[in-house]
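Participant: Encoded as structure tokens, here's the structure I'll be asking about.
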Amino acid sequence: MATSPTGIQDRSETSVPDPVISLRGVTKRFGNNTVLKDITFDVPRGKITAVLGPSGTGKSVLLKNIIGLLRPEEGQIYIDGEPIVGIAHKELLRIRRKFGVLFQDGALFGSMDIFDNIAFPLREHTKTSEKEIKALVLEKAEMVGMVAHLDKLPAEVSGGMRKRAGLARALILDPEIVFFDEPDSGLDPVRVAYLDELVVSVQKEIGCTFFIITHNIESVKRTADYIGMLYRSSLVRFGPASEMFTSNRALVKQFLAGSSIGPISMDEMVDAARGEDEIQALIAGPADADAPEVSTNGA
């Protein structure tokens, strides 16, 4: 188990020499409900990182804390070495200029055509001329295969095309980091595979950091360089995808294999009823050879 510069222990499988995002002891509560507990890991620059886990583990809340939509009760988050928890709103907005975000449904404006949707951040946040805007929109639209559909409204294109348009808009300001919130939501497996190919090719072309929140294991296999897994509000492990998929940790192995045998039950209420000591014991180990086998029939 690695130790952060602040002395907080994390669960990274390997050190990250050039982190672009660092979380240190991040804890988020809603009333008496702790959604994230003492989360510490580093996201490597210029790679695709995926964070996944069973339903209700705090994945979306984690993303909202990183981009500053929520503020943790404890801990700190660093973007390019700059802390974002507790800073002035003006400073947070400056740091957010490094971000692009692809939301679940693309979050396109229904009354605008695809061109104007992609151009929106440029018109809203910069003084770019319309001539330059046209060139930039065409560049990003070509990157995601949407040039032929720029004059259409979002309702006139498929869900997969809306995702592509949303990705083009997320890229239009040339961000250092692009966040994806369940990017395959609402897509069939074939379109998910096409979207995964696009994510990998675009990331290789532009070289920025992609951070993906997802539950789709097959998609993660195709895209991720690094993987973090959450369980019951805690980080189980974070490390290179190759190490995570060969991990002997019972929780990691069961979830990434999509297996019905292991400590994760079919019944979420059974998992939720586990005591804190039991949860931490599962997270810390044992390895799969010694782990209790629990069928997902909920028994």
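No lab work stands behind these numbers, since they all come straight from the coordinates. Note that the coordinates shown come from a computational prediction; the quantities given were computed from them, not determined experimentally. So basically every Cβ, Gly included, is an ideal-geometry build from the backbone, and we count neighbours across all protein chains shown.
Participant: Just rank Glu124, Glu142, fewest to most, by other beta-carbon atoms within 10 angstrom.
Facilitator: Working: Glu124 8, Glu142 12.
Taking fewest neighbouring Cβ atoms as first place, the list is Glu124, Glu142.
Participant: In Å, what is the Rg of the alpha-carbon atoms in the stretch 68-193, and how long is Dmax?
Facilitator: Rg then Dmax for the stretch 68-193, in Å: 15.9, 48.
Participant: Continuing with the same structure: Sorting His125, His89, His149 on the 10 Å Cβ count, fewest up front, what's the list? Could you put the intermediate results ahead of the total?
Facilitator: Values: His125 13, His89 8, His149 20.
Exposure proxy ranking, most exposed first: His89, His125, His149.
Participant: Follow-up. With just the Cα atoms defining each centre, how far is the stretch 126-175 from the stretch 14-60? Give it in Å.
Facilitator: 30 Å
Participant: If the limit is 31 Å between Cα atoms, which of Lys90/Lys140; Lys98/Lys221; Lys152/Lys221; Lys59/Lys204; Lys59/Lys152 go over it?
Facilitator: Working: Lys90/Lys140 28 Å; Lys98/Lys221 27 Å; Lys152/Lys221 33 Å; Lys59/Lys204 25 Å; Lys59/Lys152 33 Å.
Result: Lys152/Lys221; Lys59/Lys152 exceed 31 Å.
Participant: Using the 10 angstrom Cβ neighbour count as an exposure proxy, how do Arg29, Arg249 rank, fewest first?
Facilitator: The fewest-first ordering by Cβ neighbours comes to Arg29, Arg249.
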